[in-house]
Every structure is written in C-alpha cells, then in structure tokens.
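The values are calculated or read from the model by the stated rules, or taken from the named source; none is laboratory data. These numbers come from a predicted model, not from an experiment. Note that each Cβ is placed from the backbone with ideal geometry, even for glycine, and that neighbours are counted across all protein chains shown. Accessible surface areas use protein heavy atoms only, side chains included; no ligands, DNA or RNA. Shrake-Rupley method; radii C 1.70, N 1.55, O 1.52, S 1.80 Å.
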Amino acid sequence: YRNGEIIGFLSGEVAPTSAHSDEWTVEFTRPDIPGEPTVCQIYTGQRGNIFRLLNHSHRPNAEFDQIKVSGRYRTAVKALEDIGDGAETEVSYGPGYEMLGGCLC
C-alpha cells in the first residue's frame with residue numbers, strides 16, 4: 001500500500017457514545033461538524049471484519065480516518081507510509097487505550 005491509500009473499511013456494531021469502554025471500541029467522529037464531536041461508537045467485540053484485529057503501535061503505519069463514501073461517513077483504514085508485502089499493518093488506538101491498561105509497549 002502506498003502512503004495515503006485506503007486499505008479498507010472498519011465494520012462493527014454502531015452503539016451510543018457511552019455504551020462501551022474497552023479495547024474493542026472505536027470512537028466515531030464527524031469531521032463535517034465543527035469541533036469534530038464523537039457521535040457514536042463502533043463496537044467490534046462481537047462482530048466486524050479483519051480490520052478489527054489491527055494491532056496497536058506508538059509508531060503506526062496506518063490510521064483510522066472518517067471519510068464520506070456515497071453520502072455516508074465510514075471509518076477507513078488509511079496508510080500513513082508505504083507498507084510493503086508481509087509488513088504488519090498497525091494503528092494507534094489512542095490515549096484511552098493506554099488508560100485501560102491495554103498497551104504493552
């Protein structure tokens with residue numbers, strides 16, 4: 001994957017903003033609303049696709065990014081640098097992940 005390229009899209013269950021507080025939860029923000037508020041959570045603990053299994057890193061080579069596709073916002077996994085064949089794709093889970101005690105870095 002080349003830097004800036006979309007690798008795929010995260011899927012899971014849509015939940016209210018305070019429904020979950022574990023490592024399977026991704027906060028969904030709306031970049032088109034001033035202040036980019038969190039409008040819901042994507043909970044991937046029970047269902048989702050392969051992107052729910054991405055590992056955490058303090059030096060990620062990919063990121064979650066909210067983008068508009070066919071009139072609806074989705075969480076894309078976007079490359080932050082070139083990612084070669086066989087390289088692990090890693091994202092930062094954010095500061096909340098470390099507070100949960102999930103970070104082993």
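Within the stretch 9-57, being within 14 Å of Tyr73 (Cβ to Cβ) and of a type in the set (Ser, Thr, Tyr) holds for Ser11, Thr29, Thr38.
Counting only residues that are in a loop (DSSP other than H, G, I, E, B) and at negative phi, which one in the stretch 43-52 is least open to solvent (accessible area, probe 1.4 Å)? Checked the stretch 43-52; the qualifying residue least open to solvent (accessible area, probe 1.4 Å) is Thr44. Residues that are closer than 25 Å to Gly86 by Cβ and of a type in the set (S, T, N, Q) within the stretch 37-72 comprise Thr44, Asn49, Asn55, Ser57, Asn61, listed in sequence order. When you check Ser18 against the structure, is it at pLDDT below 95 and of a type in the set (Gly, Ala, Ser), yes or no? For Ser18, the condition - at pLDDT below 95 and of a type in the set (Gly, Ala, Ser) - is met. Evaluate the following for Thr25: is it open to solvent by less than 50 Å² (accessible area, probe 1.4 Å) and of a type in the set (Ser, Thr, Tyr)? When the stated conditions are applied, Thr25 passes them.
Out of the residues in the stretch 30-42 that are open to solvent by 30 Å² or more (accessible area, probe 1.4 Å) and in contact (Cβ under 8 Å) with a residue 24 or more places away in the chain, state the one that is farthest from Gly94 (Cα to Cα). Show your work before the answer.
At the first step, the residues of the stretch 30-42 found to be open to solvent by 30 Å² or more (accessible area, probe 1.4 Å) are 30-39.
Narrowing the set further to residues that are in contact (Cβ under 8 Å) with a residue 24 or more places away in the chain leaves 30-32.
On the way: Arg30: 17, Pro31: 17, Asp32: 21 Å.
Within the stretch 30-42, the match that is farthest from Gly94 (Cα to Cα) is Asp32.
Counting the residues of the stretch 53-73 that are open to solvent by 50 Å² or more (accessible area, probe 1.4 Å) and either over 13 Å from Ile7 (Cα atoms) or more than 10 Å from the chain's Cα centre (by Cα) (or both) gives 9. Of all residues in the stretch 41-78, exactly one satisfies the criterion of being within 14 Å of Gly12 (Cα to Cα) and in contact with a Lys or Arg (Cβ under 6 Å, 6 or more places away or on another chain), namely Thr44. Evaluated against (1) touching a residue at least 24 places away in the same chain (Cβ under 8 Å); (2) touching a strand residue (DSSP E or B) at 6+ places or on another chain (Cβ under 6 Å), Arg2 falls short on exactly one condition, (2).
Restricting attention to the stretch 71-92, which residues are within 19 Å of Pro31 (Cβ to Cβ) and either at pLDDT 95 or above or touching a strand residue (DSSP E or B) at 6+ places or on another chain (Cβ under 6 Å) (or both)? If you could, list the steps in order and put the result at the bottom.
At the first step, the residues of the stretch 71-92 found to be within 19 Å of Pro31 (Cβ to Cβ) are 71-80, 91-92.
Residues satisfying the conditions are Tyr73, Arg74, Thr75, Ala76, Val77, Lys78, Ala79, Leu80, Val91.
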